[in-house]
Amino acid sequence: MKFKIISLGCPKNLVESEYIVRNLENAGHVLAEEADTVIINTCAFIEDSTKESIETILEEAQRKRVVVTGCLLERYGQKLPELMPEVDLFVGRNYYTEITNLIDKKGLFLREGSFAETFPRRILTGKPSAYLKIQEGCDNRCSYCTVPDIRGGLKSRRPDDVVMELEWLLDNGFTEINIIGQDITSYGKHENTDLLGLLRRILMVRGDYYLRLLYMHPRGVTDELIGFINSDERIIKYMDIPVQHSENKILSLMGRGYTKGYLENLLGDIRERIPDAALRTTAIVGFPGETDDDFECLYEFIKKWEFDMLGAFMYSKEEGTGAYKMKGHVKKGVKRLRYNRIMEVQKEISKKRLAMLQGKTTKVIVEGKEEGHMVGRLLTQAPDIDGIAFIKGKCVAGEICEGKIVKTLDYDVIVEV
Ligand code: SF4
């Protein structure tokens, strides 16, 4: 069978798509652009992503045999076959280990669990960048979030398996390793271990590589973890800490488990101990009960802490979550205005923070040619979500080399290697 895979949503989905591809290839099927079967790994954590998934399915189903998997299926399950008769096969995440036996069947295969093992897989990202998933699911139950229902409770991979996968990635030339999970600071909670323990194990693997830690819950960023991140050059000084809001009332309604005071201490501590760290965060605007004053305070908080990168989201009312039935839902137009204001101020902040790098010599990850220009990223720019580096000078796609930042733009930089 010739098959194509469309991976929507986040890197966790991408890693699972990579696992599916390798399994099917091992069974003799061929990944091809012109394919008879298209597998759509869907996303459904908010309304917009659900819409995108449905549109993609309907479009592909006009021409090809369609297999649907991923979050849309985990979220809406048994209802889907009736709603989408054009889909040939639905395969739940907890059937991935058996996907080769199911791929030519019709119907729905769905069962409960937290699918965490994703090795071996066929890496679909370009060298030198790859994702390494260390845990699946989440026990936190933030009141706006559908993830625990979609992906199940927290499940951590065994340290030995993580290390084995890392070694395999390094052997295959991947040297920018992006550690991912729903909340990587929850790693090992049920096994009497933690992220720090895992990182210590990982860094015993010798070699020239970089680790980037993505998705750290503020509550899990301890003093010790900050110290450890600062102690090893192989850990990129990139702190991805989604704060979601600054005001105690909203944080409490969100169920985030920390206060504004805690956040300010944490951010102050990071800025003091790792001054060159790039801080990334996300913020949700228009959460139920967010007044104009609450929003203004969030706005001032963002101005004060000058995150290098920030992604804002308009709160999305999702059935089955705690926030769905809360009072004080904010009108769409108000959410949009708040979102625009945050993004406007963040543009200025990002520009100002990047300008501080002008003239510095730094490592640059070379990705390849785009519209005739060599492009890549600084170590402090994560794949897909942050800005890029336009590269001048001789370099080869897949390498991490040294360069001088000769110009900075709003979100991007120009580097001479
Ligand atoms: S920690 Fe993240 S994944 Fe877990 S419930 Fe909260 S927002 Fe969702």
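The values are calculated or read from the model by the stated rules, or taken from the named source; none is laboratory data. Keep in mind it's a predicted model, so treat the numbers as computed, not measured. Cβ coordinates were reconstructed from backbone atoms using ideal geometry, including for glycine residues, and neighbour counts include every protein chain displayed. SASA here: full protein model, heavy atoms, side chains in, ligands and nucleic acids out. Shrake-Rupley method; radii C 1.70, N 1.55, O 1.52, S 1.80 Å.
Quick notes on this one:
- Only listed residue being farther than 22 Å from Gly255 by Cβ and open to solvent by less than 40 Å² (accessible area, probe 1.4 Å), chosen from Phe174, Phe119: Phe174
- Among (1) touching a residue at least 24 places away in the same chain (Cβ under 8 Å); (2) open to solvent by 10 Å² or more (accessible area, probe 1.4 Å); (3) out of contact with any His (no Cβ under 6 Å at 6 or more places or on another chain); (4) not aromatic (Phe, Trp, Tyr), the one test that Thr259 misses: (1)
- Of everything listed in (1) more than 30 Å from Asp208 (Cβ to Cβ); (2) open to solvent by less than 10 Å² (accessible area, probe 1.4 Å); (3) not assigned by TED's automatic domain parsing to the domain that holds Val163, the single unmet condition for Gly137 is (3).
- None of Glu86, Glu117 is outside the structural domain of His217 (by TED's automatic domain parsing), more than 16 Å from the ligand (Cβ to nearest atom) and under 23 Å from Ile179 (Cβ atoms) except Glu117.
- Residue within region 278-294 that is buried (at least 19 other Cβ atoms within 10 Å of the Cβ), farther than 21 Å from Asp410 by Cβ, touching a residue at least 60 places away in the same chain (Cβ under 8 Å) and of a type in the set (Phe, Trp, Tyr) present: yes
- The helices (runs of 4 or more DSSP H) found wholly in region 55-160 and carrying at least 2 residues that are closer than 26 Å to Asn26 by Cβ occupy 71-76, 99-102.
- Residues located in region 41-58, provided they are of a type outside the set (A, V, I, L, M, F, W, C) and either surrounded by 22 or more Cβ atoms within 10 Å (Cβ to Cβ) or outside the structural domain of Phe90 (by TED's automatic domain parsing) (or both): Asn41, Thr42, Ser53
- The set of residues from region 364-413 being touching a Phe, Trp or Tyr at 6+ places or on another chain (Cβ under 8 Å), part of a strand (DSSP E or B) and not aliphatic (A, V, I, L, M) comprises just one member, His373.
- Residue among Pro288, Pro275 that alone is more than 16 Å from the ligand (Cβ to nearest atom), assigned to a loop (DSSP other than H, G, I, E, B) and of a type outside the set (Val, Ile, Thr): Pro275
- Qualifying residue in region 23-34 (condition: assigned to a helix (DSSP H, G or I) and not polar (S, T, N, Q)): yes
- Test: residue in region 3-10 that is open to solvent by 20 Å² or more (accessible area, probe 1.4 Å) and at positive phi: yes
- Residues located in region 182-238, provided they are farther than 18 Å from Ser156 by Cα and among the β-branched types (Val, Ile, Thr): Val205, Thr222, Ile226, Ile229, Ile235, Ile236
- Filter result for the condition that a residue is assigned to a loop (DSSP other than H, G, I, E, B), open to solvent by less than 10 Å² (accessible area, probe 1.4 Å) and at pLDDT 95 or above, over Phe307, Phe301: Phe307
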